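Data first, discussion second: the structure below is written as structure tokens.
The values are calculated or read from the model by the stated rules, or taken from the named source; none is laboratory data. What you see is a predicted model; the values in this text were computed from it and never measured. Methodologically, a virtual Cβ is constructed for each residue, glycine included, from the backbone with ideal geometry; neighbour enumeration extends over all protein chains shown. For accessibility, only protein heavy atoms count, side chains too; no ligands or nucleic acids. Shrake-Rupley method; radii C 1.70, N 1.55, O 1.52, S 1.80 Å.
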Amino acid sequence: MFEITTSDHTLNAISEKVKNNERITFDEGLYLYDHAELGYLGNLAHQIRNRKHGTNTYFNKNFHLEPTNVCIYTCTFCSYSRLIKKRGEGWEYTLEEMMNIVKSFDEKPVTEIHIVGGVLPQYDLKFYADLFRAIKAHRPDLHVKALTPVEFHYIFKKAKVSYREGLEILKEAGLESVPGGGAEIFHPEIRDQIAGGKCTGDEWLEIHKIWHELGGRSNATMLYGHIENNFHRIHHLDLLRQLQDETGGFQTFIPLKFRNQDNQMSHLPETSVIEDLRTYAISRIYLDNFDHIKAYWPMISREIAQLSLKFGVDDIDGTIDDTTKIYSMAGSEEQNPALSTKDLVKLIKAVGMRPIERDTLYNVLKDYNDEVFADDEEFKGYMSLPVVG
Ligand code: V47
Ligand code: SF4
């Protein structure tokens, strides 16, 4: 089952390493990006996925809260940043408005709230601490996954507290985990051009490191397919792998395909599906110390997310509603994404995988493999669609 041989000695050596559960080097990672065919990568990545999870495929039920879609930063890939010039066209929710959105989910079986949005001065440390407290007071069982180093860096500086002090304050207020956004591409050669002004790659990593030291778990992303090259991608994966060796605090890695609608990089073509699947597979092979690789299906389409389950991916995030608008601003594949639990379970089972509902920390909540759905049991699920950070 594990025999992959080619006439390329380097590729043969890499498959031998993967077979023996050994780590590949930076140069080997780069070699894969530069030379390996999709079939070869898929085979290796799928072996690793199988070894770690068998056929288990995870999803969760969450909803997304975006305080604002206006932002002081001007990341060239982001469709939010253009709105700062015409601020009136965006939204800026008050704490009360945000709590009303939270309350609208009261009767729904969601386990997580994912909060991320643009950066604006009024959303400061006190605002977020008050918001987290209010959410936990209202619904203690809802897991608060919120903000990214982009917001942390900005609000902690403004409040004149260190990263550690700020994170402690937010943790005490109810912050339970940190999503993967704001990572983009760490290498300054690229980051300075696409995300100048916001936290650096080193600062992003430092904040996650401190959060892990405080006992927290977090995710990581990489925004690929714009002006970066294969070296920048492996450099990004390598920094994540190094930090994970130190802390073990990352749960999931999520490759994010750059979508080119309505932003300052709209002139760039998007990557092909082959390149997307190659990126999932290489991420699975390179990040040997990450438990999970997640495909964010609203951005890549449900069909490609389904295919990705054979290319190293073991998590497809979740069911969805349309509480967030930002995905369509960036040109996602799914213009009206809605996937009920039943649809999601069918999608996973159709490729021979086992659908497992998880909570944020990957505790198993329900195994859906033998679930029989009556029509009246079907519900439209809920999940986040953050495209900012
Ligand atoms: O940091 C912004 C990206 C990220 C575009 O942790 C874009 O569970 C593609 O991090 N094309 C935020 N991507 C989303 C995010 C996320 C998503 C799902 C789950 C989790 C998690 C985290 O979205 C930003 C940025 O890298 N993004 N604009 C765009 N045009
Ligand atoms: Fe602001 Fe985040 Fe968009 Fe950058 S990616 S402009 S920080 S919302």
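The residues on offer are Leu214, Leu268, Leu243, Leu237, and the sole one that is hydrophobic (A, V, I, L, M, F, W, C), surrounded by fewer than 22 Cβ atoms within 10 Å (Cβ to Cβ) and under 18 Å from Asn289 (Cβ atoms) is Leu243. Going by the conditions given, is Tyr58 away from ligand 1 (no atom under 16 Å from the Cβ) and modelled with pLDDT of 95 or more? No: the conditions fail for Tyr58.
Could you say whether any residue in region 38-49 is part of a helix (DSSP H, G or I) and within 16 Å of ligand 1 (Cβ to nearest atom)? No: zero hits. Out of Val70, Val102, one residue alone is of a type in the set (A, V, I, L, M), open to solvent by less than 70 Å² (accessible area, probe 1.4 Å), within 12 Å of ligand 2 (Cβ to nearest atom) and touching a residue at least 24 places away in the same chain (Cβ under 8 Å). It is Val70.
For region 20-29, the set of residues classified as assigned to a helix (DSSP H, G or I) and surrounded by 14 or more Cβ atoms within 10 Å (Cβ to Cβ) consists of Phe26, Glu28, Gly29, listed by residue number. Going by the structure shown, is His208 under 19 Å from Phe156 (Cα atoms) and at pLDDT 95 or above? Yes. Only strands (runs of 3 or more DSSP E) whose full extent lies in region 214-327 are considered here, and the ones with at least 1 residues that are within 26 Å of Val364 (Cα to Cα) and touching a Pro at 6+ places or on another chain (Cβ under 6 Å) are 217-224.
For region 124-131, the criterion of being outside any helix (DSSP H, G or I) and either away from ligand 2 (no atom under 16 Å from the Cβ) or more than 14 Å from Gly216 (Cα to Cα) (or both) is met by at least one residue. The requirement of being touching a Lys or Arg at 6+ places or on another chain (Cβ under 6 Å), in contact (Cβ under 8 Å) with a residue 60 or more places away in the chain and farther than 19 Å from His232 by Cα is fulfilled nowhere in region 183-203; no residue meets it. Are any residues in region 155-164 assigned to a helix (DSSP H, G or I) and either open to solvent by 90 Å² or more (accessible area, probe 1.4 Å) or touching a residue at least 60 places away in the same chain (Cβ under 8 Å) (or both), and if so, which ones? The answer is Lys157, Lys158, Arg164. Total residues in region 261-299 satisfying the condition of being touching a helix residue (DSSP H, G or I) at 6+ places or on another chain (Cβ under 6 Å) and modelled with pLDDT under 95: the figure is 3.
Checking every residue in region 240-253 against the condition of being of a type outside the set (A, V, I, L, M), away from ligand 2 (no atom under 16 Å from the Cβ) and free of Cβ contacts under 8 Å to residues at least 12 places away in the same chain gives at least one match.
Is one or more of the residues making up region 181-189 out of contact with any His (no Cβ under 7 Å at 6 or more places or on another chain), open to solvent by less than 10 Å² (accessible area, probe 1.4 Å) and outside any helix (DSSP H, G or I)? Yes, the conditions are met somewhere in region 181-189. None of Leu223, Leu214 is more than 8 Å from ligand 1 (Cβ to nearest atom) and of a type in the set (A, V, I, L, M, F, W, C) except Leu214.
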